[in-house]
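Presented below is the structure to which this report refers.
The values are calculated or read from the model by the stated rules, or taken from the named source; none is laboratory data. These figures come from a predicted structure and were not determined experimentally. Reconstructed Cβ throughout: ideal geometry from the backbone, glycine too, with neighbour counts over all protein chains shown.
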Amino acid sequence: MNRFFRNAIFYVIIFLVIIGIVASFNTNKEAAKDISYSEFMTKLQDGDVKSFTIQPDRSVYTIEGEFKSSDKSSSDDKKGLGQNKSDTAFTTYAISSDTLLTDMEKAADSNDTKIEVVPAKQNSGWVTFFSSIIPFLIIIILFFFLMSQSQGGGGGKVMSFGKSKAKLYNDDKKKVRFTDVAGADEEKQELVEVVEFLKDPRKFADLGARIPKGVLLVGPPGTGKTLLARAVAGEAGVPFFSISGSDFVEMFVGVGASRVRDLFENAKKNAPCIIFIDEIDAVGRQRGAGMGGGHDEREQTLNQLLVEMDGFGGNEGIIIIAATNRADVLDPALLRPGRFDRQIMVDRPDVKGREAVLRVHARNKPLAKSVDLKAIAQRTPGFSGADLENLLNEAALVAARADKKQN
């Protein structure tokens, strides 16, 4: 059942519950006034009763009727104001006796009051059963639906506060390769062994080697840290989980740690795989610096992350790649060997790297013969990969506005 139908069922159940509650409040909206039997007999003998019906039901008689309109109500009728039926309708109950019907018939005949004896309502046992059990069934179904939603994974679920918000990329058509990453030859060389381990872990295990469990990519914004992580997953042909450090922490206590556990549980099901945590400094900041001290929610999340990365329970086949531009604020326990074993500096590309980046991003753009990418690379010192991609995109937008085409 897809997400649309699950949500539709949820809203239908909510609608039915609301309708049931409203109906229960409105059932007796125009209910008749309850009076005592003695008051009824007094009104009947005084001729104030217009008509009534008697409904025998075992030892109790239900009497429903209508009083005669008063003089005030008659004058109101002439003015067009009228009178509510609930103002004159009444209901009373009487214990069955041998003279009960006779006494009421005599009083009614003396005042020309209409009297009618109707048979008792015979409700089916099944109708009574279902009318009493259906509200409980609706509540039980709603409860189990909410529980199933809360146990069903990602962020769109009802009550799914503790579920990981990580996105899984496992589409062969959209995989990034090392050929798509330009200007980072040294960084790619250091990541090659991670790819080899994911492809053939036994090769390293037979020699007693331990592959780095975590790789920290450090560098300014826009230098291709996320692209490098996706390229590692693409080259190795493994699933790629992507999440931001800020997605772990919420205002609810314990949610961050729960999301970390859920993320690694999903990763174990898809192992071997790569978990990429972008802006890890949002959750991995040094402990003891927060306002809440040891009880800070962010610190509890970091503690759970440390346990998952290198605790008693091993997470074989899961490699964590994280990115940050503020490695100096990270907790030392996060950077020790066994967690983030390697720190790779991803800096802005040099002139040859900038030219390679320009060529990658110019693949799908028609360039004029006079365009010299090497000259552009020489004139853009300090540009990151994102800056160069944006430069080419702006050039394409300017050409489109001027209605230019390739010569």
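The helices (runs of 4 or more DSSP H) found entirely in the range 197-281 that carry 1 or more residues being under 21 Å from Asp347 (Cα atoms) and polar (S, T, N, Q) are 225-236.
Comparison of Phe130, Phe90, Phe136 shows that the only residue that is modelled with pLDDT of 80 or more and either over 17 Å from Asp57 (Cβ atoms) or surrounded by 15 or more Cβ atoms within 10 Å (Cβ to Cβ) (or both) is Phe90.
Matching residues to (1) of a type in the set (Gly, Ala, Ser); (2) not assigned by the TED database to the domain that holds Asp262:
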| position | (1), (2) |
| --- | --- |
| Arg298 | no, no |
| Leu306 | no, no |
| Met309 | no, no |
| Gly317 | yes, no |
| Leu335 | no, no |
| Leu358 | no, yes |
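Considering the range 204-219, and only residues there that are over 14 Å from Ile320 (Cβ atoms) and not aliphatic (A, V, I, L, M), the residue that is modelled with the highest pLDDT turns out to be Gly219.
Rundown of residues vs (1) among the small types (Gly, Ala, Ser); (2) surrounded by 18 or more Cβ atoms within 10 Å (Cβ to Cβ); (3) not in a loop (DSSP other than H, G, I, E, B), yes/no style:
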{"residue": "Glu316", "(1), (2), (3)": "no, no, no"}
{"residue": "Ile319", "(1), (2), (3)": "no, yes, yes"}
{"residue": "Phe340", "(1), (2), (3)": "no, yes, no"}
{"residue": "Pro349", "(1), (2), (3)": "no, yes, no"}
{"residue": "Lys352", "(1), (2), (3)": "no, no, yes"}
{"residue": "Leu392", "(1), (2), (3)": "no, yes, yes"}
{"residue": "Leu397", "(1), (2), (3)": "no, no, yes"}
{"residue": "Lys405", "(1), (2), (3)": "no, no, no"}
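Only a single item in (1) outside the structural domain of Pro239 (by the TED database); (2) buried (at least 19 other Cβ atoms within 10 Å of the Cβ); (3) within 29 Å of Gly245 (Cα to Cα) is not met by Thr324, and it is number (1).
Within the range 346-365, can one find any residue that is at pLDDT 90 or above and under 30 Å from Lys268 (Cα atoms)? Scanning the range 346-365, I find at least one residue that is at pLDDT 90 or above and under 30 Å from Lys268 (Cα atoms), so the answer is yes.
Could you tell me whether any residue of the range 375-385 is buried (at least 16 other Cβ atoms within 10 Å of the Cβ), more than 30 Å from Arg261 (Cβ to Cβ) and among the aliphatic types (A, V, I, L, M)? Checked the range 375-385: at least one residue is buried (at least 16 other Cβ atoms within 10 Å of the Cβ), more than 30 Å from Arg261 (Cβ to Cβ) and among the aliphatic types (A, V, I, L, M). Among the numbered conditions (1) surrounded by fewer than 17 Cβ atoms within 10 Å (Cβ to Cβ); (2) closer than 19 Å to Asp185 by Cβ; (3) not hydrophobic (A, V, I, L, M, F, W, C), the only one that Gly237 does not meet is (2).
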